[in-house]
Each structure stands twice: as structure tokens, then as C-alpha cells.
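Working notes for the structure below.
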Amino acid sequence: MATKKRVRTPAKPAASRVKHGQAGRKAAASGPPRRDKAIIRKLRQELSAALERIDELQASADTDFLLGIPNRRGFEQELQRSVAYIKRYRASGALILLDVDRLKPVNDAFGHAAGDQVLKAIADVLTRQVRASDVVGRLGGDEFALLLWNLSETDARAKAAGLEADIDGLTFVFEGQSIAAGASAGVAILGPHSDAARALEEADSAMYVRKAQRRHEVPAVAIGGKAFPPAAQSSHAANPVKRGHA
């Protein structure tokens, strides 16, 4: 009986084994496959879009939606940073608070759209009268704030008086009735020993003193058949803005 011969597969030459091994190492070194690269690229794009959206939401949280200027939160953050800079570099500045006269009677008599028109006009006056380095914000309701750099006390008080005069010059016509705008300003000087929260309180107190003075300087304005002096019917007086420690 014949014995079957076992056919043996010849072994690959050593050079061939080395060649295939090098090819495997090259494939591993070349990085992930194309599909993985596409996934990574997509994830990076999504992450970039998410970060941009976070920045947009952060900006909107610090901005007054009606006027496009910093709201109380945004302004107090700017004030805190500025006071820290002033302390470190012994710089100077001024904080001015402005309370709009007779905004509540305008809202009551002609609607909030009329009040919004007044606020927009006043915000426009303020932003046009400051430098690019200064900050104008709305603390809420009928109260505005300005952070002005490198002003002496004399210049800051002159600036506040000039802003009052500019706002006093604004007139509006609602339902055939001419209404004059107005605002009362209080000043606090910022220096190396200033504190943001105390500066806000100081400017707020000065603003109330100024509003009382204007009762004797500025004539009352008739709104809806009633006469309103500058200090009357302020929504800020009725609902004072709550201050956070800046």
C-alpha cells in the first residue's frame, strides 16, 4: 500500500516577513482610518460651535436687550475690573448715576412703547457723549450708569451737568402732547482707595440730593393732565435697584 506524501507549504522568505511587518507598522503610524478622522473633525466643529454659543449667551446675559448696552450685571462687572485696575496702577475715574425724570408717568399715560422711546433716546445721548474707553450701562428701570476714566472731580461734575442739560433738551410728542425729558445725576470719584459697592451707594445718594435740587430748578411737566416735577413718580424711588457687591 502506497504511503501518501505530505505536501509542506514552503516558509516565506525572511525578507518577505520583514516587508509585511514594516507595512503594518507604517499603517499604524499613519494614524486612524479616514472614517475616524472624519468623526474627529466633526466633533471639533461641534465643539467650536458650542463654545461660540456659550460666548453669545454670556454676552446676552450681560447686555440690556432693549438698548444694547451693559445691564446692571454687566456694568458692575466692568466697575469691579476698573476699580481693581485703578487700585493697582493708581489711576482715576468717575462713576455717574443718572435717574430719568418722569418715566413712570410716560409709561402710565402713553404705554411702555413710549417709555422705551425715551430710554433709547437717552441711551443714544449718553453713548455719544463719552469716549470709547468709557462704559455706559442701564442698571434697571429708569437708571443709567457711566464709568468715566481719568477725570478730576471738577471735570466729572461738569460732565454730569452737561449730560443733564443734553437730556433736558430732548422732547417727544405722544398722542399730540409734547413731553420734555430730564434726568438727575449723582457723582462718585474713583481712586486707589475706592470700593465698587461703596461708590455705587455714594453716587446713588448724590443722585437723590440732585433730584431734590432740581425740583426747584426745573419746572413741572404736564403728562396726561397732571403736573410732574423731576423728583416725582420715579420708578427708581419706588423700586430701588438692588445692588450686588461688585
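The values are calculated or read from the model by the stated rules, or taken from the named source; none is laboratory data. Small disclaimer: the values here were computed from a predicted structure and weren't measured. Methodologically, a virtual Cβ is constructed for each residue, glycine included, from the backbone with ideal geometry; neighbour enumeration extends over all protein chains shown.
Sort out which residues of the range 94-105 are at pLDDT below 95 and touching a helix residue (DSSP H, G or I) at 6+ places or on another chain (Cβ under 6 Å), and write them in order of number.
L103, K104
Going through the range 20-68 one residue at a time, which ones are among the charged types (D, E, K, R) and modelled with pLDDT under 55?
Within the range 20-68, just E56 meets the criteria.
Sort out which residues of the range 127-151 are under 20 Å from S205 (Cα atoms) and among the basic types (K, R), and write them in order of number.
R138
Select, from P192, P230, the only residue that is farther than 20 Å from D134 by Cβ, assigned to a loop (DSSP other than H, G, I, E, B) and not aliphatic (A, V, I, L, M).
Result: P230 is the single residue among P192, P230 that is farther than 20 Å from D134 by Cβ, assigned to a loop (DSSP other than H, G, I, E, B) and not aliphatic (A, V, I, L, M).
Here are some residues: D108, D134. Which one is free of Cβ contacts under 8 Å to residues at least 60 places away in the same chain and surrounded by fewer than 24 Cβ atoms within 10 Å (Cβ to Cβ)?
Just one listed residue meets the conditions, D134.
Residue by residue through the range 182-202, note down the ones that are closer than 26 Å to I167 by Cα and among the acidic types (D, E).
E201, E202
Taking only the range 157-171 into account, find how many residues are surrounded by 15 or more Cβ atoms within 10 Å (Cβ to Cβ) and farther than 14 Å from V125 by Cα.
Qualifying residue count for the region: 1.
I'm trying to understand the selection: among the residues of the range 189-205, which are among the acidic types (D, E) and surrounded by 15 or more Cβ atoms within 10 Å (Cβ to Cβ)?
Of everything in the range 189-205, those that are among the acidic types (D, E) and surrounded by 15 or more Cβ atoms within 10 Å (Cβ to Cβ) turn out to be D195, E202, D204.
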